[in-house]
1. Would you confirm whether any residue within segment 53-65 is acidic (Asp, Glu) and out of contact with any Ser or Thr (no Cβ under 9 Å at 6 or more places or on another chain)?
2. Residues Ser84, Ser122: which one is without any contact (Cβ under 8 Å) to a residue 24 or more places away in the chain, within 18 Å of the chain's Cα centre (by Cα) and crowded, with 21+ Cβ neighbours inside 10 Å?
3. I'm checking my understanding of the structure. Among residues of segment 17-58 that are of a type in the set (Ser, Thr, Tyr) and closer than 16 Å to Ala127 by Cβ, which one is nearest to the chain's Cα centre (by Cα)?
4. Of the residues that sit in segment 17-31 and are touching a Gly at 6+ places or on another chain (Cβ under 9 Å) and closer than 22 Å to Arg178 by Cβ, which one is surrounded by the most Cβ atoms within 10 Å (Cβ to Cβ)?
5. Give just the number: which of (1) at pLDDT 95 or above; (2) among the small types (Gly, Ala, Ser); (3) assigned to a loop (DSSP other than H, G, I, E, B) does Gly76 not satisfy?
6. Working only within segment 32-62, note down all residues that are part of a strand (DSSP E or B) and either surrounded by 24 or more Cβ atoms within 10 Å (Cβ to Cβ) or of a type in the set (A, V, I, L, M) (or both).
7. What pairs come out if I take residues in segment 130-152 that are in a loop (DSSP other than H, G, I, E, B) and pair them with residues that are crowded, with 17+ Cβ neighbours inside 10 Å and not β-branched (Val, Ile, Thr) whose C-beta lies under 6 Å away, six or more apart or interchain?
Amino acid sequence: MKNKKAFFTTKWIAYTAMLTALVVATGYIPGIPVLTGKIYWCDFVIYLAAYITDPLASFIVGGIGTTFFDLFGINGTAYNAIPSLFIHGVQGLCASVLFMLWRKFVPCKNNTKKEVLGAVISSILPALIVIFGYFIKRLTWEHLAVEIALYKMPANVLQEIVGITIAVIICYATSFKRQLEKNNLLPDFAKEILDKAPPQENTENEEITEEQNFE
């Protein structure tokens, strides 16, 4: 009987849970006041998840993490829970997919500069999704005037720039990701999630086939 690989491995669950909890925790860090709003910290964790995990984990980290904080946080933002689920969930999913495609088609092994460039480039579209996602949310969900929604956009732009910058610094300006890879601590999307039943030789069937061939 073959040993089936779990759909969600312990490593994958641990990374996803820790990063999701970190998104919630960053919500309690006071935001940086700027002219048109505040800069919050959750985005750097979402981009960090995109750089070290996979699209499914990144969607959960971004979407569920921000949703939990909106529902149970101290800022009274429960009304934002559903928009946060979609906006930040898609943000994490998109960033991770684009980063995986970059690493697939652009040789980045032992080339940190190329991987950093890929991380930044793969974060541009997700950042735009957040910026315009919140703009649309303010128009439709909060029923704000177009002028007010536009006035608040620069804070989201700064928040995305800060989030991408911090995530890139943690991953590549320090030895954080390198040490995880060196010690085989990063979850592998293809091996740990998609490959539910790893190939294993069926020796019994092979022996029967060989016996039949000799008869």
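The values are calculated or read from the model by the stated rules, or taken from the named source; none is laboratory data. None of the values given here were measured: they were computed from a predicted structure. Here the Cβ is made from the backbone with ideal geometry for all residues, glycine too, and neighbour counts use every protein chain on show.
1. no
2. On the way: Ser122 fails: without any contact (Cβ under 8 Å) to a residue 24 or more places away in the chain.
None of the other options fit; the residue is Ser84.
3. In this case the residue turns out to be Ser58.
4. Among them, the one singled out is Leu19.
5. The number of the failed condition is (1).
6. Start the filter on segment 32-62 by keeping residues that are part of a strand (DSSP E or B), which leaves 32-34, 37-39.
Selection gives Ile32, Val34, Ile39.
7. Trp141/Pro83; Leu144/Arg138
For every residue, the table says whether it meets (1) under 20 Å from Val97 (Cα atoms); (2) at pLDDT below 85; (3) part of a loop (DSSP other than H, G, I, E, B).
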position: Leu158; (1), (2), (3): no, no, no
position: Ile161; (1), (2), (3): yes, no, no
position: Ala167; (1), (2), (3): yes, no, no
position: Cys171; (1), (2), (3): yes, no, no
position: Gln179; (1), (2), (3): no, no, no
position: Asn184; (1), (2), (3): no, yes, yes
position: Pro187; (1), (2), (3): yes, yes, yes
position: Lys191; (1), (2), (3): yes, yes, no
position: Gln200; (1), (2), (3): no, yes, yes
